[in-house]
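To start, the structure under review is shown below, and the notes come after it.
Every read-out reported here was derived from the displayed coordinates using simple, explicitly stated rules and does not represent laboratory data. Remember, it's a predicted structure, so these values are computed and weren't measured experimentally. No Cβ is skipped: glycine too gets one built from the backbone with ideal geometry, and neighbour counts run over all protein chains shown.
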Amino acid sequence: MSARDEIFASIRRSLKVGPVDAPRRDAVAARLAQAPVGIIPRRGQGEAAERLATFKSEAERVQATVAEVAAAADVPGEIARYLRENNLPATLRFGDDRRLADMPWPATALEIARGPSEGDDLNAVSAAFAAVAETGTLVLVSGADNPTTLNFLPDNHLVVVFAADVFADVENVFARLKATYGPGALPRTVNFITGPSRSADIEQTLLLGAHGPRRLHIVVVKD
Amino acid sequence: MSVAATTSRFKDNVHDALHDQRLQGALPHAKNFIGRRADAAARLPEFDALRDSARAIKDHTLAHLDLYLEAYERKVVEAGGHVHYARDSDEAVAVILGICKARDAKLVTKGKSMASEEIGLNAALEREDIAAIETDLGEYVIQLRGEAPSHIIAPAFHVTRDDIEADFRRAHRDLAPDRDLSRPEQLLSEARAILRDRFLSADVGVTGANFLVAETGTSIIVTNEGNGDLTQTLPKVHVVLASLEKITPTLNDVAQILRVLGRSATGQDMSVYTTLSTGPRRGGDPDGPEEYHVVLLDNGRSATLDGPFAEMLRCIRCGACMNHCPVYHAVGGHAYGWVYPGPMGAVLTPLLIGVAEGGQLPNASTFCGRCEAVCPMRIPLPNLMRTWREREFERRLTPPLARAALRLWAFFAKRPALYRLAVEPTMRGLALIGRRRGRFAWLPLAGGWTRWRDFAAPQGATFQSRWRAKSGAVR
């Protein structure tokens with residue numbers, strides 16, 4: 001008997017069930033199809049403005065910084081300001097996302113590189129798929145638009161979030177993913193990011209920038 | 001071929017741990033977790049309701065585990081991934097070695113995985129001349145030291161900053177010997193730089209999984225450092241090693257459990273990186289692995305579904321039970337002698353390596369009940385430890401003297417009149433003899449106690465006699 005067959009036989013022996021058991025199969029099929037939503041904390045709920053305020057305060061609680069700009073055209077200026085004020089080099093890398101590519105970067109003095117990171121970039125900008133108010137979390141999906149390496153290799157990660165994409169809770173983000181990619185399907189990688197990288201492995205001292213970005217700056221586009 | 005256990009020498013281990021000054025200096029850090037968890041729980045009014053929800057999800061999943069496994073497997077294959085089944089540690093190791101050899105791998109980076117500790121993967125890879133590098137900072141430190149983790153989420157928490165500095169100076173010989181490593185930030189930067197290079201040159205990345213989602217065929221890791229993500233994004237091959245009970249029906253179910261996981265573990269509402277991985281990289285993806293494998297480890301878990309210990313399979317490895325355990329606080333994780341320490345380890349270890357080897361661990365409890373009180377999945381840990389003690393006794397694994405003493409006590413306990421006749425004069429006698437000093441520095445048959453501390457002199461009346469007197473008064 002193969003390992004697979006033996007493991008399934010052992011599970012069924014323990015559960016005292018057979019492989020064909022219609023009510024059990026129906027229960028499982030129903031749960032997978034309906035994906036019932038459980039208990040949703042109140043914290044993230046509310047109107048758009050309220051959700052945005054919660055998102056901002058929760059993100060700042062986990063050591064991210066948040067700036068708000070009125071329109072997409074204001075993003076390059078805000079990013080240039082952030083890099084300047086933190087004494088960071090005026091370089092930047094991002095992927096193929098049209099929302100980023102269409103921004104007026106030539107108006108800044110930033111040196112722009114495109115595509116995935118090879119590990120020697122200091123600053124990268126990504127456009128978020130969504131954000132979660134409840135926990136101040138960013139949701140990024142893999143692909144040429146926003147390569148996953150940009151989320152982890154650069155020292156400073158700048159993430160653009162459009163206010164309309166700030167959801168109350170992860171359940172709403174899962175619903176949005178389902179609407180975008182189809183039921184039961186996801187992009188290769190979905191990153192839920194809550195603050196910059198950290199470790200407390202040295203005597204329980206919290207240090208930022210363990211392996212991922214040391215800084216996480218979020219730019220919310222209110223338009 | 002899993003890691004060699006010293007669990008059967010538990011008593012000696014405890015003795016050593018209690019006399020290890022360095023360890024005793026580090027152990028108080030474990031108590032930091034208590035306040036953090038309490039604050040996080042207090043900030044979320046729905047926390048206890050979410051614990052019930054999480055528990056119900058896992059119970060439902062375990063009762064339908066075969067069917068959710070089938071659904072999960074189907075979705076992984078649909079997404080272009082491979083699913084491998086391993087009955088035990090040896091099979092899991094063989095599968096992973098096979099994947100590494102097919103790619104002629106020389107360097108394997110690893111995200112933190114307790115399952116990998118369970119199967120002894122690093123040693124097996126090294127034997128085949130494949131370098132395995134732990135990339136979680138704590139795991140990296142203990143790998144340099146040749147030790148096992150002493151905590152399931154803070155593997156190096158028994159190690160001091162000075163120790164880490166010495167380890168880095170010993171291991172990183174290419175760096176300037178006079179460099180300053182006096183601050184924790186400098187140690188972190190050095191590890192970051194060294195490991196960054198490994199991430200970029202690794203052939204295979206091995207991670208564990210916190211969840212395997214049947215709805216989408218997705219594996220999920222929950223981390224803070226980002227090392228797990230670099231481990232699974234940069235190499236050409238991503239191998240996920242996970243035990244069967246990580247299966248969770250839907251993403252919405254994961255959302256429920258996630259809300260109790262971070263809070264119970266580190267007091268975080270959400271860990272920094274929660275990463276969903278589904279299959280290998282897609283057409284048009286500029287990064288991500290070309291191959292995606294999942295190794296599903298049984299190691300006795302399928303058999304555990306039948307019987308009282310099935311509840312243990314709800315465990316999500318948050319570490320709250322050990323963070324709140326007075327025994328763990330006193331002796332740390334290594335004394336438990338195998339992979340999983342603390343109350344969850346005391347229940348799980350005999351299941352995985354047998355009661356003959358691990359049977360002493362369930363005795364390492366004061367039954368104070370804090371572990372059960374904080375367990376996000378509401379696992380009745382004290383009850384399960386008691387069940388193990390009963391089995392240990394039934395199988396005559398308890399030492400003969402302890403068995404004889406228990407039998408003697410049981411003889412009297414089953415005969416209340418005789419019990420009172422024996423106990424009440426003894427207590428009165430002890431009260432009389434001890435009344436001057438109020439304590440005994442030595443007592444016959446109680447040398448194990450009085451060797452370390454005095455035995456308080458009884459007041460004379462027994463609990464039962466006082467209870468009778470009190471009930472009589474009420475009546």
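Rounded to two decimals, what is Rg over Rh for the range A:25-126 when you use alpha-carbon atoms and the Kirkwood radius?
Checking Rg against Rh, the ratio lands at 1.14.
Whole Å is fine, so just give me how far the alpha carbon centre of the range A:109-131 lies from that of the range B:323-394.
47 Å
In the range B:247-314, what is the volume of the convex hull around the alpha carbon atoms, normalised per residue and reported in Å³?
Given the Cα convex hull of the range B:247-314, per-residue volume reads 147 Å³.
For A:Arg13 paired with A:Leu88, estimate the spin-label separation in nm (one decimal), with each label point 7 Å from Cα along the Cα-to-Cβ line.
Those two pseudo-labels are separated by 5.7 nm.
Enumerate the whole-percent occupancy of each 5 Å bin, from 0 to the last occupied one, for all C-alpha pair distances of the range B:416-474.
Binned Cα distances yield the sequence 4, 18, 20, 21, 18, 10, 5, 2, 0.
Which percent, nearest 5, of DSSP beta bridges in the range A:48-221 are antiparallel?
25 percent
Principal axis extents for the range A:102-192, Cα atoms only, whole Å, descending order, please.
For the range A:102-192, the Cα spread along each principal axis is 40, 25, 24 Å.
Take B:Glu311, B:Glu165, B:Glu147 and order them by how many other Cβ atoms sit within 10 Å, fewest up front.
Exposure proxy ranking, most exposed first: B:Glu147, B:Glu165, B:Glu311.
Testing the spin-label approximation: label points 7 Å from Cα along Cα→Cβ at B:Ala441 and A:Ala33. State their distance in nm.
Result: 8.0 nm between the two label points.
Separation between the B:Ala56 and B:Ile433 pseudo-spin-labels, each 7 Å from Cα along Cα→Cβ, expressed in nm?
5.9 nm
Pulled fully out, how much extra length does the chain show between B:Arg22 and B:Trp467, if you take 0.36 nm times their separation in residues and subtract their Cα-Cα distance?
Gain on stretching B:Arg22 to B:Trp467: 155.5 nm.
For the range A:74-143, what number results from the quotient of the Cα radius of gyration and 2.2 N^0.38 Å?
1.16
Once the piece of chain linking B:Arg395 and B:Asp197 is laid out straight, how much longer is it, given 0.36 nm per residue of separation minus the C-alpha distance between them?
Gain in length upon complete extension: 66.0 nm.
Within a 10 angstrom radius of each residue's Cβ in B:228-238, how many Cβ atoms of other chains show up on average? Whole number is fine.
4
On a 0 to 90° scale, report how tilted helix B:89-102 is relative to the longest principal axis of chain B, with both axes built from alpha carbons and the result rounded to the nearest 10.
It works out to around 20 degrees.
Taking the Cα centroid of the range B:428-460 and of the range B:187-238, what is the distance between the two, rounded to the nearest whole Å?
For the range B:428-460 versus the range B:187-238, the Cα centre distance is 58 Å.
Please report, in cubic angstrom per residue, the volume enclosed by the convex hull of the alpha-carbon atoms of the range B:208-330.
136 Å³
Set the Förster radius R0 to 60 Å, insert the Cβ-Cβ distance between B:Arg386 and A:Glu111 as r into 1/(1 + (r/R0)^6), and round the FRET efficiency to 0.05.
0.35
With Rg and the Kirkwood Rh both taken from Cα atoms, where does Rg over Rh land for the protein assembly as shown?
1.02
Restricting to the range A:131-216, what percent of DSSP beta bridges are antiparallel, rounded to 5?
Close to 65 percent.
In whole Å, what three semi-axes, largest first, describe the equivalent ellipsoid of the range B:7-302 built from its Cα gyration tensor (square root of 5 times each eigenvalue)?
Whole-Å semi-axes of the equivalent ellipsoid: 30, 26, 19.
List the trypsin sites (Lys or Arg not before Pro) within the range A:25-66 that DSSP assigns to loop and that have no more than 15 neighbouring Cβ atoms inside 10 Å.
A:Arg42
If you average the C-alpha positions of the range B:72-118 and of the range A:55-108 separately, how far apart do those two centres end up, in angstrom?
Taking the Cα centre of the range A:55-108 as reference, the centre of the range B:72-118 is 39 Å away.
Please report the antiparallel percentage of DSSP beta bridges with both residues in the protein assembly as shown, rounded to the nearest 5.
Among the beta bridges of the protein assembly as shown, antiparallel pairing accounts for roughly 35 percent.
Please compute the Kirkwood hydrodynamic radius over the range B:355-419, one decimal place, Å, based on all pairs of different Cα atoms.
One over the average 1/r among Cα pairs gives 13.5 Å for the range B:355-419.
Please work out the ratio of the alpha-carbon Rg of the range B:1-93 to 2.2 N^0.38 Å and round it to two decimals.
1.73
Would you please give the residues with an amide H less than 5 Å from that of B:Tyr273, counting only those at least 5 places away or on a separate chain, with H modeled from the backbone geometry?
The list, which skips near neighbours in sequence, is A:Thr194, B:Thr223, B:Asn224.
Cα-Cα over 28 Å: which of A:Lys56/B:Lys31; B:Lys75/B:Lys110; A:Lys16/B:Lys246; A:Lys178/B:Lys58?
Listed pairs above 28 Å: A:Lys56/B:Lys31.
Could you work out [θ]222 nm for chain A from helices alone, using -39500 (n - 2.57) per DSSP H run of at least four and dividing by all its residues? Round to the nearest 500 deg cm²/dmol.
That comes out to -9500 deg cm²/dmol.
Would you compute, from DSSP H runs of 4+ residues alone, the mean residue ellipticity of chain B at 222 nm, taking -39500 (n - 2.57) per run and dividing by the full residue count, rounded to the nearest 500?
-15000 deg cm²/dmol
Could you compute Rg(Cα) / (2.2 N^0.38 Å) for the range B:70-147, with N its residue count?
Here the Cα radius of gyration is 1.21 times the empirical estimate.
How far, in degrees from 0 to 90, does helix B:47-63 lean away from the longest principal axis of the Cα atoms of chain B, to the nearest 10?
70 degrees
Most exposed first by the Cβ proxy, i.e. fewest other Cβ within 10 Å, how do A:Asp96, B:Asp178, A:Asp145, A:Asp169 rank?
B:Asp178, A:Asp96, A:Asp145, A:Asp169
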